[in-house]
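Here's the structure, in structure tokens; my notes come after.
The values are calculated or read from the model by the stated rules, or taken from the named source; none is laboratory data. All figures in this text were calculated on a predicted structure; none of them were measured in a lab. In this analysis, Cβ positions are derived from the backbone assuming ideal geometry, glycine residues included, and neighbour counts consider all displayed protein chains.
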Amino acid sequence: MVTHLGDNDGVVDRHWLPGLGILDWKEIARRLPMKTYKGSLTLEVFSKDQERESASDFMVSACQSIQWFQSLLQGEC
């Protein structure tokens, strides 16, 4: 099983980092059965501002977003 994650604006599947769109990530984290889940989590993301954001800056944002989502999964937020 693979769970594909990515945020959006509710109009188009934009593949934004978690927290940049309209999805309720606290609710998603609450519903993911992380203690028993045996599949992969795939986070497919694009920069929300591809025109101006460098790849290096995007990677920093991506790491911060992933750490935030991980904290939600662990019930820290």
Among the residues of segment 50-61, what is the count of those that are acidic (Asp, Glu) and either surrounded by 10 or more Cβ atoms within 10 Å (Cβ to Cβ) or at pLDDT 90 or above (or both)? 2
Working carefully through the options LEU73, LEU20, find the one that is surrounded by 15 or more Cβ atoms within 10 Å (Cβ to Cβ), of a type in the set (A, V, I, L, M) and in contact with a helix residue (DSSP H, G or I) (Cβ under 6 Å, 6 or more places away or on another chain). LEU73
With the condition kept exactly as written, say whether any residue in segment 60-70 is assigned to a loop (DSSP other than H, G, I, E, B), on the phi < 0 side of the Ramachandran plot and of a type outside the set (Asp, Glu). no
Just checking, does segment 63-71 include any residue being farther than 11 Å from PRO18 by Cα and either of a type in the set (Asp, Glu) or over 14 Å from the mean Cα position of the chain (by Cα) (or both)? no
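Residue-by-condition table, conditions (1) at pLDDT 90 or above; (2) out of contact with any His (no Cβ under 8 Å at 6 or more places or on another chain):
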{"site": "HIS4", "(1), (2)": "no, yes"}
{"site": "ILE22", "(1), (2)": "yes, yes"}
{"site": "LYS26", "(1), (2)": "yes, yes"}
{"site": "PRO33", "(1), (2)": "no, yes"}
{"site": "THR36", "(1), (2)": "no, yes"}
{"site": "PHE46", "(1), (2)": "no, no"}
{"site": "SER65", "(1), (2)": "yes, yes"}
{"site": "LEU72", "(1), (2)": "yes, yes"}
{"site": "GLY75", "(1), (2)": "no, yes"}
Among the residues of segment 1-59, which ones are among the charged types (D, E, K, R), outside any loop (DSSP other than H, G, I, E, B) and closer than 15 Å to LEU73 by Cα? LYS26, GLU27, ARG30, ARG31
Could you tell me whether THR3 is among the β-branched types (Val, Ile, Thr), surrounded by 10 or more Cβ atoms within 10 Å (Cβ to Cβ) and touching a Leu at 6+ places or on another chain (Cβ under 6 Å)? yes
